[in-house]
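In what follows, a single structure is set out as structure tokens and then discussed.
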Amino acid sequence: MTRKVSCLVAALAFAATMLVAAVPAAADTRTAAASGTAAFRETGTGSDGFAFPEIRRRVGAQGTPVGLLPIATARGQFPPKALPHPVVASQGLAETNPELRASFDGLTSRDQRLANGGNQFSVEPPDQALCVGNGFVLESVNTVIRVKNTAGVSLTGVVDLNTFYDYPAQFNRTSGTFGPFLTDPVCLFVPSIDRWVQLVLTIDQVSSGPLAGAFLGTNHLDLAISDTSNPTGTWTVYPIPAQNDGTEGTPDNGCPAPDPDVPGATNPRAEIGDYPHLGMDANGIYISTNGYCLFSSQFNGAQLYAIGLDQLSDTSLPSSITFQHFANTRLAGSPGFTVWPATSFPGEHSTERGGTEYFLSTIAGDGTETGNPTGTAKRIGLWALTNTSSLNSPTPNVQLTNRLVSSEPYTFPPTSDQRPGPTPLRDCINDTTLPTIFGPGCWQIFFVQEPDHDEVISRPDSLDGRMQQVWFVNGSLWGAAGTGVSVGGETKAGIAWFKVLPRINGVGKVEGAIDKQGYLALADNNLTMPALAMLPSGEGALAFSVLGEDFFPSAGYVTIDEAGNVSPVHIAAAWLGPDDGFTSYKAFVGDPPRTRWGDYGAAWTDGSDIWIASEYIGQTCTLAQYYPGSGANPPSLAGFGSCGGTRVSLTNWFTRISELTP
């Protein structure tokens, strides 16, 4: 639908919300050479049971991001004191799901751990990538990838990303050697060139010896482009160096050398291209990362990369690609943080100023990255990359501007409580009596030194207030973020959503106003990891996880339209049990534990329907089912931790893929 508003009203709305415009940022132009071929190479499945080590041990002095480059924030950017959680009415719970056309399980923690013959680690949280097109559903979670058709039938096996990218195994359980550490997968289907895009952050490691598994410092964004329109075929891989320490053609972003030196590190001043995400317009694909120093406590700001599509449109992909990189971005003087690029489809792209790609961000978080000491805010960041058509010329000349836009308040969300139920991993840690081959107590299967036996049911992490998936449709920019809410007299995790009307002014800078915004909350429960997609019809859907006093972790969604009308909360997949992963328990991760539930979900549209993917728990079992060999004589580890083939010993997360017709 076309938005009808008088020029005078529009001008007043924009003027009221234009806060602190940025000076256009400059980019450097580089190339990335193709390094090889990605493919779905079948490797077989590992066997059940506990195999030490199950989780990757930390080696080196990887820092926590608590320091910032010197910043000069604009007056009034952050609240002078913490804002209260917004008071929100409960959304209500739908009794039926008439828009749900299909729903099936995606990748699971069991799929991930047993891929590549079991030469994998147990990993949390489940980070979700999903893209759909040409009748294919491509899903990546953490370190595995698979293609299904739209009926949910698998067209490939579960392949670990190390194998897909033709790297050595994550951890070879025969030789004890390490391959590169791959994380944070994301994907796109680009209709205009009829190709698929898969991206992952790859961190190089010492492969063997006493420092095996230590980070070298070099890391790269491995951009894989499908050679055809069929994602089950071969792909060409273009590694983009991301250490940004002046090596391999990268800029020097100023990470300090750690003191003392980090054993095994070849690039001790390396930055890491964390949390990569993808967007696209008519002219290019866009990557954003968060630039943390790998071995010291410094955050440098979001890094943005722009890649012209024309070089990817020929029948044969080129031997190298050209891209532009914007380093250490700033918003009103503070580091840009999780600057999420918008996805738009043909017919929806912005043609302003030679083509414009929009982005959204927030300025809250926990204060670590943005410098906001309150973890709360009532402004969001609006970003634009103009003249994107020049990406397909010999002399690219794109311009990046941004500004703050007034918004509804959003706050750092609390951790999410979950309905009590069977938690056999927790029970195993707490148990002191069951017979094992090491002595009495199930805990002995995991630990040499006896832990405390006081583990409690976990409170999964609700992430923070960073922006999540962004879509541009009908001239509007849509995004969502986590927030704390006061609902039903309790503080819970909820969702803040935004519809922004952006434009480029006469001097080439971005302006914008929020047209619609709102909150999602469900009394007695939590809504986390939002992912939103919109159709050209103005209909859309927002996916999330639902968990709390009434629900085990479940896959939920609402429908939403361009007028801001939001449906009751729908449950796409019925819950079966609580989250029971190793990050929930201090015996594994220290006190207090941080239960890792997810860093992002996913939503996509094929032009007519919306596809969503969220974390949920699709299994349940008792300690007796988890450790069936405890009653054998002598005790046996056969089948340990698998609960009849529904989980693995240290993790039990699932993902759920659903098709909606809003």
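The values are calculated or read from the model by the stated rules, or taken from the named source; none is laboratory data. Predicted model only: the values in this text are computed from it and were never measured. Here the Cβ positions follow ideal geometry from the backbone for every residue, glycine too, while neighbour counts run over all protein chains shown. Remember, those area values only see protein heavy atoms, side chains included, never the ligands or the DNA or RNA. Shrake-Rupley method; radii C 1.70, N 1.55, O 1.52, S 1.80 Å.
Just a few scattered comments:
- Dipole magnitude of the chain about its Cα centre (Cβ charges: Lys, Arg +1; Asp, Glu -1), debye to nearest 20: 980
- Computing Cα extents along the principal axes in Å for the structure here picks out one of (1) 82, 54, 49; (2) 96, 64, 52; (3) 81, 55, 41, namely (1).
- Where labels lie 7 Å past Cα in the beta-carbon direction, separation of residue 174 and residue 624 in nm: 4.0
- Measuring between alpha carbons in the structure, the pairs from 81/516; 492/516; 492/586; 81/509; 148/586; 378/586 lying more than 28 angstrom apart are 81/509; 148/586; 378/586.
- For the range 351-418 versus the range 190-252, the gap between their alpha-carbon centres in whole angstrom: 24
- Anisotropy class of the range 196-265 from Cα gyration tensor, a/c 1.5 cut: oblate
- Placing a pseudo-label 7 Å from each Cα along the Cα-to-Cβ vector at residue 433 and residue 397 gives an inter-label distance of 7.9 nm.
- Restricting the range 546-619 to chymotrypsin sites (Phe, Trp or Tyr not before Pro) in coil, as DSSP defines it, with at most 11 other Cβ within 10 Å: none
- On the basis of the beta-carbon distance and an R0 of 51 Å, residue 212 and residue 507 show a calculated FRET efficiency of 0.40.
- Residue-span extension gain [residue 456 to residue 314] - 0.36 nm each, minus C-alpha spacing: 45.5 nm
- Heavy-atom SASA rank of 524, 591, 609, 204 (probe 1.4 Å, accessible area, largest first): 591, 524, 204, 609
- Working ranking of peptides 87-95, 222-230 by packing, defined as the average number of other Cβ atoms within 10 Å per residue, highest first, is 222-230, 87-95.
- Between the Cα long axis of helix 7-17 and the first principal axis of the chain there is an angle of about 50°, rounded to the nearest 10.
- In this structure, residue 252 and residue 661 have a Cβ-Cβ separation that, at R0 = 35 Å, corresponds to a calculated FRET efficiency of about 0.10.
- Net charge of the neighbourhood of residue 593, taken over other residues with C-beta under 15 Å away and scored Lys/Arg +1, Asp/Glu -1, is -4.
- Note on the range 275-387: with charges restricted to the Cβ of Lys and Arg (+1) and Asp and Glu (-1), its dipole about the Cα centre is near 420 debye.
- Computed over neighbours whose Cβ is under 13 Å from that of residue 189, the net charge equals -2, Lys and Arg +1, Asp and Glu -1.
- Charge dipole (the chain, unit charges on Cβ, about Cα centre) - positive-most of 415, 396, 342: 396
- Cα-centre dipole for the range 91-152 with unit charges at Cβ (Lys and Arg positive, Asp and Glu negative), debye to 20: 240
- Leading residue at positive end of dipole, the chain (Cβ point charges), from 93, 622, 458: 93
- Tail weight of P(r) past 16 Å, computed on alpha-carbon pairs of the range 75-144, percent: 71
- Length gained on full extension, residue 266 to residue 234, computed as 0.36 nm times the residue gap minus the Cα-Cα distance: 8.3 nm.
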